[in-house]
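Below: the structure, in structure tokens.
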Amino acid sequence: GEGKSLNFIEQIIEEELAEGKNGGRVHTRFPPEPNGYLHIGHATSICLNFGLATEYHGKCNLRFDDTNPSKEDVEYIDSIQQDIQWLGFQWEGEPHFASDYFQQLYDWAEKLILEGKAYVDDQPAEVISAQRMTPTEPGVNSPYRDRTPEENLDLFRRMKSGEFQAGEKVLRAKIDMASSNMLMRDPIMYRIMHVAHHRTGDKWCIYPMYDFTHGQSDYLEGITHSICTLEFEVHRPLYNWFLDQLIDTEYRPRQIEFARRNLSYTVMSKRRLLELVQKGIVAGWDDPRMPTITGLRRAGYTPESIRNFAEKVGVARREIVVDMALLEFCVREHLNKIAPRVMAVLDPVRVVIDNYPEGQTETVEIENNPEDETAGTRMVPFSRELYIERDDFMEDAPKKFFRMTLGNEVRLKGAYIVKCESVEKDAEGNITTIHCTYDADTRSGTGSASNRKVKGTLHWVSAPDAIEAEVRLYDRLFKDPDPAGHKDIDFKEFLNENSLKVLTGCKLEPSLKEAKEGDRFQFQRLGYFCVDKDSKPGALVFNRTVGLKDTWAK
Ligand code: ATP
Ligand code: MG
Ligand code: MG
């Protein structure tokens, strides 16, 4: 870490490296539970774990924390791998699964039983939890706490062989019922669940709890730094307790906590995101309004922009809500550099240039990206009939209106200066055609007349050459900065009813004909757009990724 200040995790790592701890290795892991799609919060954790591995020439594992088969699905396992790779990271070797360690964990549980450090409890979960009391008063011992190791071993083996129903028995660690840390008051290690597992099938009907799984999985994989979110800080003594009982090597994984990063104007819990999907409030996990990686990808976000966002947010010990505007800033900044500029008219009105010869066409040369010298130019057809944006014209315009108005001149981007002469209207008074004249000496890039100054420059599309498309304008899914943060109000009350506007009959310049799913463009003067997966040849569909300016800041 030269030239930049170290965050607190890098500081810990560098101190340990200096001491030669764990042989100077850095080995992190990203441990998702396969119970939903990854979201932008996970992305920051992915960038952190994989980033540290790269920074310190170490490794980063992908481990599925699959100890709760009732909520897990193979669909999620696939999507998680795809999302991590799309973000630009590759885990060490094959993905790991906590379920790979079920046998080892079981053997370790028997070892603890034989050493008198674990016991089978017949009480229901509510009783066990009530007996833990409160942090200021000691807990009450279970009447089963002093079962002999032999009896416990017999009962635990019968739990494993399926003799009992869910909830009839649990295995608990025998630690300290008076500990000030409630998690140390004889935590549950195993529960009975007669549920098939997506990887181990019907082999097991007892499943280890997170606390009995995570540290040992870290150990088995040689993880040095087990980075997790702040709510696990109180679990750390338990994480260490299990390792202390089971492991006698000098090597130890170390748990380090950092604060969750949340995003304003959205929800991040997988439970709530799942509800939005299941109730059809969004079009799926990949709906462009979702804070999921797959949703951001479909919206047109780039991996670079998300990695840059994670970098800017940094790591901290205090929980933070990051403004959605920062994420939008990051994608705008990146797309500004890489997205080709094109002209698209979303709400078209017809323009006829009366003094332009009928039947004549020409092409004008337009820069693809002024931010990128290598991007070149393209030829765009120009003709007598064009489309411009309906709101780029105003009949009775105020003084500062620098777009098209009666009697005023504007430049058509890359082409000519035109002057509006008259308008045609339908019976309701809506403008159907704008009549203009053009000045043939003002073609962009030619002679001195082309430098004549006019206040406004408009984008346009030649009518006979235009291709039609559907354009989906997405806005924030919620109207409230913290929709899940209201005590007695359901988060769905804060949905933004205008979060999707579908425009059909939009007119695009013909260079877009071959655009393919995922291609990204700047529609000049409008924002950044990408081709949606619903797009078909001849029936293009675009999503708005983000506008050109932060219009939300007003
Ligand atoms: P949820 O509460 O939505 O179910 P989770 O934390 O249980 O999320 P996991 O699949 O267990 O989801 O998360 C995998 C990793 O991602 C964990 O190490 C977790 O700490 C990290 N993570 C999850 N959400 C965030 C967030 N908002 N900010 C930073 N890291 C996060
Ligand atoms: Mg969870
Ligand atoms: Mg979790």
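Can you tell me which residues in segment 505-534 are more than 21 Å from residue 287 (Cβ to Cβ), among the acidic types (Asp, Glu) and either in contact (Cβ under 8 Å) with a residue 40 or more places away in the chain or touching a Cys at 6+ places or on another chain (Cβ under 6 Å) (or both)? Residue satisfying the conditions is 509 alone.
Condition check ((1) assigned by TED's automatic domain parsing to the domain that holds residue 477; (2) basic (Lys, Arg); (3) more than 16 Å from ligand 2 (Cβ to nearest atom)) across all residues:
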| site | (1), (2), (3) |
| --- | --- |
| 245 | no, no, yes |
| 248 | no, no, yes |
| 251 | no, no, yes |
| 270 | yes, yes, no |
| 281 | yes, no, yes |
| 286 | yes, no, yes |
| 289 | yes, yes, yes |
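For segment 19-75, the candidate set comprises residues that are aromatic (Phe, Trp, Tyr) and either assigned by TED's automatic domain parsing to the domain that holds residue 314 or closer than 25 Å to residue 320 by Cα (or both); within that set, the residue that is nearest to ligand 1 (Cβ to nearest atom) is 30.
The residues of segment 507-519 that are buried (at least 21 other Cβ atoms within 10 Å of the Cβ), under 29 Å from the mean Cα position of the chain (by Cα) and of a type outside the set (Gly, Ala, Ser) amount to a single one, 512.
Considering only residues of segment 267-288 that are within 11 Å of ligand 1 (Cβ to nearest atom) and not in a helix (DSSP H, G or I), which is surrounded by the most Cβ atoms within 10 Å (Cβ to Cβ)? It comes out as 267. Is it true that residue 537 is free of Cβ contacts under 8 Å to residues at least 24 places away in the same chain and either among the hydroxyl-bearing types (Ser, Thr, Tyr) or surrounded by fewer than 21 Cβ atoms within 10 Å (Cβ to Cβ) (or both)? It is true that residue 537 is free of Cβ contacts under 8 Å to residues at least 24 places away in the same chain and either among the hydroxyl-bearing types (Ser, Thr, Tyr) or surrounded by fewer than 21 Cβ atoms within 10 Å (Cβ to Cβ) (or both). One residue stands out in segment 113-139 among those that are β-branched (Val, Ile, Thr) and surrounded by 15 or more Cβ atoms within 10 Å (Cβ to Cβ): the one that is farthest from residue 183 (Cα to Cα), namely 113. Determine the pairs where a residue that is touching a residue at least 40 places away in the same chain (Cβ under 8 Å), located within segment 26-37, has a partner that is within 13 Å of ligand 3 (Cβ to nearest atom) and basic (Lys, Arg) with Cβ atoms under 7 Å apart, the partner being 6 or more residues away or on another chain. Partner pairs satisfying both residue conditions: 29/63; 31/63; 35/71; 35/270; 36/270.
Of all residues in segment 372-403, those satisfying the criterion of being more than 13 Å from residue 431 (Cα to Cα) and part of a strand (DSSP E or B) are 377, 378, 379, 380, 381, 382, 383, 385, 386.
The values are calculated or read from the model by the stated rules, or taken from the named source; none is laboratory data. The model shown is predicted, which means the values in this text are computed figures rather than measured ones. Glycine also receives a Cβ, built like all others from the backbone with ideal geometry; neighbour counts cover every protein chain displayed.
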